[in-house]
Structure formats: structure tokens, C-alpha cells
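The values are calculated or read from the model by the stated rules, or taken from the named source; none is laboratory data. Keep in mind the model is a prediction, meaning the values are calculated, not measured. Counting neighbours? That spans all protein chains shown, and the Cβs are built from the backbone with ideal geometry, glycine included.
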Amino acid sequence: MDEESIRLNTSYFRAIEEAGGLPILVPTLQTPESLSQLSELLDGILFSGGVDIDPKHYNEEPLPSLGQITPDRDELEISLCRIFYEKNKPIFGICRGVQLINVALGGTLYQDIKTQLGNVLKHQQDAPAHAPTHRVFIEKDSILFSIVRTEILPVNSFHHQAVKDVAPVLRITARASDGVIEAVESNDDRFVLGVQWHPERMFNRYREHFELFRRFVEECAKRGKRG
Ligand code: MN
């Protein structure tokens, strides 16, 4: 059997570093003690892209259109998300990350938008990763709007799942024109932000996408020591 490994595209930590933060990669820790220690150490947490979340975490059986899953990573990230939420430390989610935040805080997902929603846009683009291919429509009274300062933002798209029922502590702040949820954030004054697109693949070409990382790092500096 192959030895297990973890991998992360470098663009995530390039973006955090360029925004003034110090990115630390987290291994798949397993004991409650190490999760607790880690949450003391870090000022905030970014949940990156990846494969599908096991639907058992939102009380569903797997549909045929469900993709690959990573059970250890699900357990780790769901626990970390709840710990950081309790400590009021900033949480940022990208792609799988927004789905993870939603599930960890009590929401559900579409296991596959094409088969479950039907008439949707192309959310798995064949264009280069930095290229925006569809637009998202942003709620004006949101943290997301205060960061990107536009109601219509062109984004890239690499997902076959999406948020379905939003967690009670979150609100929807952006959708695509087909209604697919593209961003959620905290409905109180915590910094919890998730986006369905990949700003880390766009940040060095488009200011709005860099600003997401800049604000996250700023919030980490401001709030991260509270816990
Ligand atoms: Mn999309």
C-alpha cells in the first residue's frame, strides 16, 4: 500500500505571505490535545480546496455522483473549524473550504450540482485557472462587498458541489446567475468568510482577489490573539 501523503498547491501560501501573513501548513493531527495546541498557536485558519466532504457529516448517504473523499482530513478540518469558531479566531474557506465551514457549522451540500440542480452554469471550467469564467452577484451589506467593493465579480470556477442549506450561523452573500451559492459569511461580527471560487489562482492578476487575503491576514492580526 502506498504511504499516505498530503499536498497543497503553493499559490495558497504565496497569497498569504504576500498579504503579510505567515502561512503554516497543518498536518492531519489526530489528538484533541494537538488540535487545542494548534488553535493557541495560530491567529486564524484557511481551509483550502480539495476533494468532496463525506456526506455523512450532513446526514446523507453517498449519491453515485459523489467524488473522492478524505475521511481523516474531514475529521481534522471539521474539528478545527468548530474550535476556531468558538475562539472567535478568523476563518477563511476556499472552494472545499466554504463547503467545509458550512458543514462544520451545521449546513448541508449538494453532492453534485449538475445532477441535483440540473440547469446550472459551467462550474468546472476548462479555461486556465487564473481566468474568470462566470460572475458572482454580491450582497451589498456584506463583509465580502466591503473587501472587493463591487456587486458583480468575475471569478474562476472548479467545483461540482455547492452549499445547499446554509448553516444557521452563516448567511449567503454571493450567488452565480444560476442561483448556486458562491459565498457565505458569519451572520454576527465574527470573521468567517467562505468563497466557492479560487482567489489564490487569481490574486496576482486581480486586485479584488488579493484583497480577500489581505483582509483575512489583517483580521488575524487584529483578532487572532484573543483566544
Ligand atoms: Mn462557480
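Applying the condition of being near the ligand (Cβ under 9 Å from one of its atoms) and under 18 Å from I101 (Cβ atoms) to region 156-168 and asking which residue is surrounded by the most Cβ atoms within 10 Å (Cβ to Cβ) yields A162. Screening the candidates R171, R149 for the property of being surrounded by 15 or more Cβ atoms within 10 Å (Cβ to Cβ), out of contact with any strand residue (DSSP E or B) (no Cβ under 6 Å at 6 or more places or on another chain) and modelled with pLDDT of 95 or more yields one hit, R171. Does region 194-217 hold any residues that are away from the ligand (no atom under 16 Å from the Cβ), in contact with a Gly (Cβ under 9 Å, 6 or more places away or on another chain) and either outside any helix (DSSP H, G or I) or not hydrophobic (A, V, I, L, M, F, W, C) (or both), and which are they? Listed by number, the list holds a single entry, R214.
The rows are residues; the columns are (1) crowded, with 24+ Cβ neighbours inside 10 Å; (2) in contact with an Asp or Glu (Cβ under 8 Å, 6 or more places away or on another chain).
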| position | (1), (2) |
| --- | --- |
| A183 | yes, no |
| S186 | no, no |
| V195 | yes, yes |
| R205 | no, no |
| R214 | no, no |
| E218 | no, no |
| G224 | no, yes |
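Scan region 132-155 and give yes if some residue there is touching a Phe, Trp or Tyr at 6+ places or on another chain (Cβ under 6 Å), near the ligand (Cβ under 10 Å from one of its atoms) and under 20 Å from R207 (Cβ atoms), otherwise no. Scanning region 132-155 turns up at least one residue that is touching a Phe, Trp or Tyr at 6+ places or on another chain (Cβ under 6 Å), near the ligand (Cβ under 10 Å from one of its atoms) and under 20 Å from R207 (Cβ atoms).
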